[in-house]
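Trainee: Supplied in structure tokens, the structure appears directly below.
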């Protein structure tokens with residue numbers, strides 16, 4: 001049985017120079033906000049490097065670490081469109097409420113924009129934010145036609161932002177890209193963090209899903225990278241074997257289950273694969 005192994009506190013206390021972390025703007029299934037304190041210990045001595053995240057998702061790690069310079073990538077174009085509009089000074093003007101009828105009306109309008117090729121518009125960014133905050137469990141799911149199909153959420157209440165100026169400032173020196181991870185341009189002066197989809201059946205977040213071969217390609221790609229690398233993943237046997245075979249240093253940490261269809265909220269085991277640190 002694999003025992004959790006936490007990062008030793010060898011990096012010392014915070015210097016006081018790190019910017020204050022910000023909470024994620026979006027609800028995001030599988031978000032890694034709980035992992036920020038441990039990654040901060042590793043990243044602290046590399047803050048002069050550009051922070052690169054290959055699977056940006058809800059930005060929990062980037063907003064927790066607050067790097068000065070960052071390249072943040074995700075294969076989901078609607079997510080990146082939202083972040084780019086926040087960077088431009090997005091303000092939400094459409095009425096927002098936790099209301100089933102309104103939710104489905106906005107979902108249909110969002111899908112209409114997708115069908116018309118208008119998914120990069122400011123209206124699409126506003127609708128994406130509302131749908132994310134209001135939809136079920138922070139899921140971001142699309143059908144084979146590329147249409148958003150997450151049902152209405154089950155909450156007591158939902159909070160919404162209309163002003164993102166605080167985040168606009170944080171995003172000032174960040175670059176957002178929408179690429180397959182294989183096509184993200186890396187520099188030798190980058191600190192690379194990757195949190196790929198877990199090693200489970202995963203087919204609805206993006207066309208083509210994320211296969212075992214994708215897991216292998218990612219691990220091999222970053223094993224060849226000369227700079228500091230951290231990969232986080234579910235500690236399945238084949239994931240652990242893959243990372244070990246490529247010479248990663250492995251650490252195991254208990255991970256809280258944030259999203260679960262069967263009500264199971266017990267801790268799972270997460271593996272952190274490190275290189276050149």
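Trainee: Among the residues of segment 54-69 satisfying the criterion of being within 16 Å of residue 172 (Cα to Cα) and either touching a helix residue (DSSP H, G or I) at 6+ places or on another chain (Cβ under 6 Å) or outside the structural domain of residue 189 (by TED's automatic domain parsing) (or both), which is surrounded by the most Cβ atoms within 10 Å (Cβ to Cβ)?
Mentor: It comes out as 65.
Trainee: Another question, if that's okay. Scan segment 130-152 residue by residue and report those that are farther than 14 Å from residue 96 by Cα and touching a strand residue (DSSP E or B) at 6+ places or on another chain (Cβ under 9 Å).
Mentor: Those that are farther than 14 Å from residue 96 by Cα and touching a strand residue (DSSP E or B) at 6+ places or on another chain (Cβ under 9 Å): 136, 140, 141, 142, 148, 149, 150, 151.
Trainee: Would you be able to tell me the number of residues in segment 256-277 that are on the phi < 0 side of the Ramachandran plot, modelled with pLDDT of 80 or more and over 20 Å from the mean Cα position of the chain (by Cα)?
Mentor: Counting residues in segment 256-277 that are on the phi < 0 side of the Ramachandran plot, modelled with pLDDT of 80 or more and over 20 Å from the mean Cα position of the chain (by Cα) gives 2.
Trainee: Another question, then. Looking only at segment 222-249, which residues are surrounded by 16 or more Cβ atoms within 10 Å (Cβ to Cβ) and part of a strand (DSSP E or B)?
Mentor: 229, 230, 231, 232, 233, 234
The values are calculated or read from the model by the stated rules, or taken from the named source; none is laboratory data. Just so you know, these numbers come straight off a predicted model, no measurement behind them. Every residue, glycine as well, gets a Cβ built from its backbone with ideal geometry; the counts of neighbours run over all protein chains shown.
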